[in-house]
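The values are calculated or read from the model by the stated rules, or taken from the named source; none is laboratory data. Source: prediction; values computed, not measured. Here the Cβ positions follow ideal geometry from the backbone for every residue, glycine too, while neighbour counts run over all protein chains shown.
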Amino acid sequence: MQQLALICVSAYTLMSLFVGARLIRRGLPTRAAPELLMGVAYFSAPGLGYPMVVGSSLIGDRLVSTAVFALGECGIVLGVSVFFFFNAVVFRAASPYSRAFASACSVVFSLCALEIVRGHNAVGRDLLGLAPVRTAMMILLAVIGLAYAWTAYEGYRHHRLMRKRARVGLGDPVVANRFLLWGTAGSLQVFANLVSAHALSSGADMMTDQGSMLATAGVGVVNSVLLVLIFMPPARYVRWLQRGPSGALAAA
């Protein structure tokens, strides 16, 4: 199982780097906010941050291990914060409260990450032995879960709205499918987050626990594929969605 978890983590990292780089490259010429935000989120958090945090436990030198761990946490903080602002900008652009909420969650997440890095600097790999660090990690997981729950809600809500529009001939099956996949990706991430939270509450280190790693990386690989279908769908996939009068709306 450990080998499978490592394979999934490696695949998750490579796919996140690939998808993140492609989205950034695609969004830069037109300054398209959705592509740029998701590109930065995937490239920095699962592409760089997560593997650095996991891999830091394999480094023998305490100073180097702490530095790699801290850099990894910075990548995760950046990615998750950008993810919050993606939801605010794309789905709630007219609401000032959405950006304030995204800002507040980003600040809380950053403070938790800072406490976790401080704990790693103090005790190294056994940082979970510190009660403040365990509390910070639980809050951190709660914030991440909130981000993905928001994602799932917005995806399914907009998909439902697209299906209503289809009844009067205004539905776009490709756009509707993107919302459906977006909601599905959020739901899968919530599941992976719950697995990590359970591992942490049981006294395990979610960054080295095999079940947690397998759930996080496995869901990440699936979601990387979903991200390609959302932002860079192959022509054959688009034609499949448009195969009938209502396409993916009818299939959903």
Only one of Val108, Val82, Val143 is over 21 Å from Ile230 (Cβ atoms), of a type in the set (A, V, I, L, M, F, W, C), in contact with a Ser or Thr (Cβ under 9 Å, 6 or more places away or on another chain) and modelled with pLDDT of 90 or more. Can you tell me which? Val143
Output for the stretch 26-51, where each listed residue is more than 13 Å from Tyr12 (Cα to Cα) and touching a residue at least 12 places away in the same chain (Cβ under 8 Å): Arg26, Gly27, Ala33, Pro34, Glu35, Leu36, Leu37, Met38, Gly39, Val40, Ala41
Considering the stretch 27-37 alone, what residues qualify as being closer than 18 Å to Val90 by Cα and surrounded by fewer than 17 Cβ atoms within 10 Å (Cβ to Cβ)? Leu28, Thr30, Arg31, Ala32, Ala33, Pro34
Residue list for the stretch 82-96, restricted to those being out of contact with any helix residue (DSSP H, G or I) (no Cβ under 9 Å at 6 or more places or on another chain) and in a helix (DSSP H, G or I): Pro96
Test result for Val64, more than 17 Å from Ser224 (Cβ to Cβ) and touching a Ser or Thr at 6+ places or on another chain (Cβ under 9 Å): yes
Selection over the stretch 204-233 where residues are assigned to a loop (DSSP other than H, G, I, E, B), surrounded by fewer than 19 Cβ atoms within 10 Å (Cβ to Cβ) and touching a residue at least 24 places away in the same chain (Cβ under 8 Å) yields a count of 4
Kindly check whether there is at least one residue in the stretch 156-175 that is surrounded by fewer than 21 Cβ atoms within 10 Å (Cβ to Cβ), modelled with pLDDT of 90 or more and closer than 18 Å to Gly218 by Cβ. no
Those residues of the stretch 53-81 which are over 25 Å from Ala102 (Cα atoms) and either charged (D, E, K, R) or assigned to a helix (DSSP H, G or I) (or both) amount to Val54, Gly55, Ser56, Asp61, Arg62, Leu63, Val64, Ser65, Thr66, Ala67, Val68
Give me the residue from the stretch 182-197 that is buried (at least 21 other Cβ atoms within 10 Å of the Cβ) and hydrophobic (A, V, I, L, M, F, W, C) and, out of that set, nearest to Pro233 (Cα to Cα). Trp182
Only one residue in Ser56, Ser103, Ser95 is over 23 Å from Val225 (Cα atoms), buried (at least 22 other Cβ atoms within 10 Å of the Cβ) and not hydrophobic (A, V, I, L, M, F, W, C). Which one? Ser56
Among the residues that make up the stretch 117-132, is at least one of them surrounded by 20 or more Cβ atoms within 10 Å (Cβ to Cβ), touching a Cys at 6+ places or on another chain (Cβ under 6 Å) and in a helix (DSSP H, G or I)? no
Counting just the residues of the stretch 59-81 that are of a type in the set (Val, Ile, Thr) and either farther than 19 Å from Ala11 by Cβ or touching an Asp or Glu at 6+ places or on another chain (Cβ under 7 Å) (or both), which one comes out surrounded by the fewest Cβ atoms within 10 Å (Cβ to Cβ)? Val64
